[in-house]
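Where a number appears in this text, it was derived from the coordinates with a stated rule and is not lab data. For clarity, every value in this text was computed on a predicted model and none was experimentally measured. Ideal geometry is used to build each Cβ from the backbone, glycine not excepted, and the neighbour counts take in all protein chains shown.
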Amino acid sequence: MKLSGRNSFNRVLTKYSGFILCLLIQTNSLLYSQHVGKDALRIHEKSFSEVVYINTDRDFYVAGEKVWFKINKINGLKYTPVNLSKVVYVDLLDPENNPVDQAKIEIDGFSGSGDLILPDTLRTGNYILRSYTNWMQNFSKDLFACKSISVINPFDKITNLIISNSSPNPDTIIFYPEGGNLLAGFATRLGFKITDRNRNPVKMKGILVNDENDTLCHVQTGNNGYGFVLVSPSDNNRLFLISSDKNLHWKFPLPDVQKEGVILSAIPKSESSPVIAKLNFSSDNVLKGKNIFLEIHSAGLSGFRKTIISEKDHELSISENDLPYGISHLQVIDEDNNILTYRWISKESANRINYKINLQKNEYAPRENIKVNISATDNSGLPVESDFSISVIKAITANRKRMSFDPLRQLPGMGPVIKDCNLTDVNDYLIFYKPDGQVSDHNGNPDGYSPDYLPELEGHLISGNIKDKISGEPLRNENIVLSFIDKAALCHFAKTDSNGNFWFVSKEQGRKEIVIQQLISSKDCYLDLNNPFATRHTDYDHGLFCLDTSKLDNINNTIISAQISNIYEPFYQNSVTSSADHPKQNFYGKPDKTILMSEYIELKSVEEIVAELIPGVTITKNNGKINFRFSKPYPAEPFKNSPLVLVDGVPVNDFEKVIAISSRDIEKIDVLNDRYYISGIFIDGILHFITNKGNLSAYDLDMSVFRMEYDLLKKKANFYSPDYSLDSLKNNHLPDFRNTLYWNPDLHTDKSGKVSVEFYSSDESEEYIIYVEGISRDGKTGGSSLPLIIRNR
């Protein structure tokens, strides 16, 4: 399927509209047990979105190592695996939220995997691995999937490492009251973050007091400066946070306590009650009798609105059945769209997968075969077919709070909060999260909404805009072509829309030189290529990087192991035969004739080659210009138009430069002596000159043509695990100090819910952890871990 312009959006969705609409109808019945008011927004298939989850083999790395990751694509409405977008984008963000590496991962299915190599120049710190689809960029960036990792560079100066502030001197305190404000008479969760004047986190202990200096409770922050407390403010007192250290004298006022208003609060989980949140009004309710609205924004629903008529002492309970799975942002607004209260809420599925990991024994020797048996069952003990990943890593490289399909992985910057606050309910953590801009970029109005980002249903979309260089006007309804400089002709054809925009669909992999130009060059033009990655600045909190000083020996061993592996891994890799790439197919298929120059005596020029070797093709001159012409055998009439001429896969229009190519540079010529039709374009024959180098160096391409190196879909790499059943490997002297013993992102339990995997231990005596994380077709998720000991005997 070829996309031919921005207005093709509806045609793009046609293929999946029935599928999407079915999901929307099924989910709509779950939203509200109460009657939805007449002002409720209609759900539309353009509001459909995806959720992606990303997990990595480890949580701690050394600069220069490889990060292995798996991505699951999930229907934002039903929270079941979905195969909609075929490309997922991955950014590695540094502590200043600048991308240091990016990748386009092809996922033709429900899940996929990839890898990134951490540059050895990375400084020590916490980094965020962020992933999303092109379609997801139409919605809130807060719903991108994020995974926090820690990186240490052994060549960093120790003075560059920030350590927790043991002498608190706070400059700024940010308060996070549940619902956005403190309301008199209601118990409220209150989060806070303390930083110094350099925005570094401050670790402190303090007390909460009222304006009469009565102590209400004791509070403290963790290494990242975060703290959490439950308060019950009254309407006649101010609250203050002060230091409990007698040598430090500082006092910060809490937000003003509101006497009137409304507050949205989460309710602790209970098996006996499905209530997940409540909306409470103050006793002196100034909103009595007025219309207010509860809005829900999530990955699958945008701007779903329910009308609420408030009454005195009114309390509205929000059930789990009222919300879709995953993270939702709830907000209450008045008739003037003023936000009265808001809350992030997580609805987790109680339908879990229980993974069980079994080993044959407790300890293993170096280079010994390890067999792991894995079983998956549901809450009833029945077997579950699932798609899962497994990683076997050194215990020191794992985050002990690592959770499978953690809903907070969907909100960037939550890692520091999780490390600091030992909370049991995910909804308690969510009070710390502030939206990154609008929660819904199109404000829940699908009817008048034209998305900026199309879903990539078939492959990577290469898009941009082309304009006349002199007038600046867009080239409207112009036939243009994307080609790759290669010995194979991999051309894609499209027509610009009324604004000069274009889209090409590509499934090519790797880094290649691309050329985008008018099919028939007639105007001097310039071209702007769109950046497919998310470009809006974000301000995620990466948190404080702290070394556990009690485990410095283990950390040092991990660093040494990484350096040894980087040195010796190429020797192991060379012993493995890599699979060859599939031969590339020309867009025109099999030519009528291929002329291999090596089969003929050397001719002096392209003109002689055409005259002597290519029947039915002539070189003509008209007004001093050279042209090629195909003539078909009797009774067919000669073609009226010039053929499409390519050199190393790139269409060219200057035929004088073609015949100027040295005959010695030409390897072969493909000839298609027939009319060819593609993307609404008629082509009277094709001549493709392939040079020995295949890099277009033999042809002087016009400087006005857009040509650049472009990163396409990332080639998938396979994790290498040595097979020590071979004596040649087991007895060799190459050291094996892998920090990740085994990684496999593409495992599946069968109908019996079972599967087994095998790998070999390394040369190190160390404690390892086996992690399993997976999802079933009906949306069950789960994970498990098990320690593994390797010891020299």
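Taking 0.36 nm per residue of separation and subtracting the Cα-Cα distance, full extension of the segment from Arg511 to Ile560 would add 14.4 nm. Taken as Cα centroids, region 674-745 and region 54-90 sit 22 Å apart, rounded to the nearest whole angstrom. The C-alpha radius of gyration of region 593-711, expressed as a fraction of 2.2 N^0.38 Å, stands at 1.08. Multiplying the residue separation of Asn530 and Lys730 by 0.36 nm and subtracting their alpha-carbon distance yields 66.9 nm. Counting charges near Ile485 (Lys, Arg +1; Asp, Glu -1) among other residues having Cβ under 11 Å from its Cβ returns a value of 0.
Backbone phi angles across region 474-490, fed through the Karplus curve with coefficients 6.51, -1.76 and 1.60 (θ = phi - 60°), yield HN-Hα couplings of x, 7, 8, 6, 9, 6, 10, 9, 9, 9, 10, 6, 6, 6, 9, 8, 10 Hz in residue order; Gly and Pro are listed as x. Here the Karplus curve 6.51 cos²θ - 1.76 cosθ + 1.60, taken at θ = phi - 60°, turns the phi angles of region 120-128 into couplings of 6, 8, 4, 7, 4, x, 9, 10, 10 Hz, with x standing for Gly and Pro.
Taking other C-beta atoms within 10 angstrom as a stand-in for reagent exposure, Ile327, Ile595, Ile267 fall in the order Ile267, Ile595, Ile327, fewest first.
Here the spin labels are modelled as points 7 Å beyond Cα on the Cα-Cβ line, and at Glu473 and Ala717 they lie 5.0 nm apart.
If R0 is taken as 56 Å, the Cβ-Cβ distance between Asp156 and Lys590 corresponds to a FRET efficiency of 0.50.
With all pairs of separate Cα atoms included, region 470-610 yields a Kirkwood hydrodynamic radius of 22.1 Å.
Between Arg675 and His748, the C-beta separation translates, for a Förster distance of 41 Å, into a calculated FRET efficiency of about 0.30. For the pair region 229-250 and region 375-438, the centres of their Cα atoms are 33 angstrom apart.
Between Lys434 and Arg400, the simple spin-label model (points 7 angstrom out along Cα→Cβ) gives 3.2 nm. Full extension of the segment from Phe252 to Glu335, taken as 0.36 nm per residue of separation minus the current Cα-Cα distance, would add 26.4 nm.
FRET efficiency for the pair Ser756 and Ser697, taken as 1/(1 + (r/R0)^6) with r the Cβ-Cβ distance and R0 = 45 Å, rounds to 0.30. For region 239-246, the Karplus equation 6.51 cos²θ - 1.76 cosθ + 1.60, evaluated at θ = phi - 60°, returns couplings of 10, 9, 10, 10, 6, 8, 7, 5 Hz by residue, with Gly and Pro reported as x. Name the shape class, rounded, prolate or oblate, that the alpha-carbon gyration tensor gives for region 230-291, where a ≥ b ≥ c are the square roots of its eigenvalues, rounded holds for a/c under 1.5, and otherwise prolate holds if a/b is larger than b/c and oblate otherwise. Taking the square roots of the gyration eigenvalues as a ≥ b ≥ c, region 230-291 is oblate.
Restricting the calculation to Cα atoms, the chain yields a radius of gyration followed by a Dmax of 31.3, 107 Å. Close amide H pairs (under 5 Å, H built 1.01 Å from N) link Tyr364 with Ile789, Ile790, Arg791, residues at least 5 positions away or on another chain.
Taking a point 7 Å out from the Cα of Thr424 in the direction of its Cβ, the residues of region 251-281 whose backbone N falls within less than 20 Å of it are 265-278. Considering only alpha-carbon pairs that sit under 8 angstrom and 6 or more positions apart, the relative contact order computed for the chain is 17 percent. Our analysis of region 456-529 gives Rg over Rh at 0.97, with the two radii drawn from alpha carbon positions and Rh computed by the Kirkwood formula.
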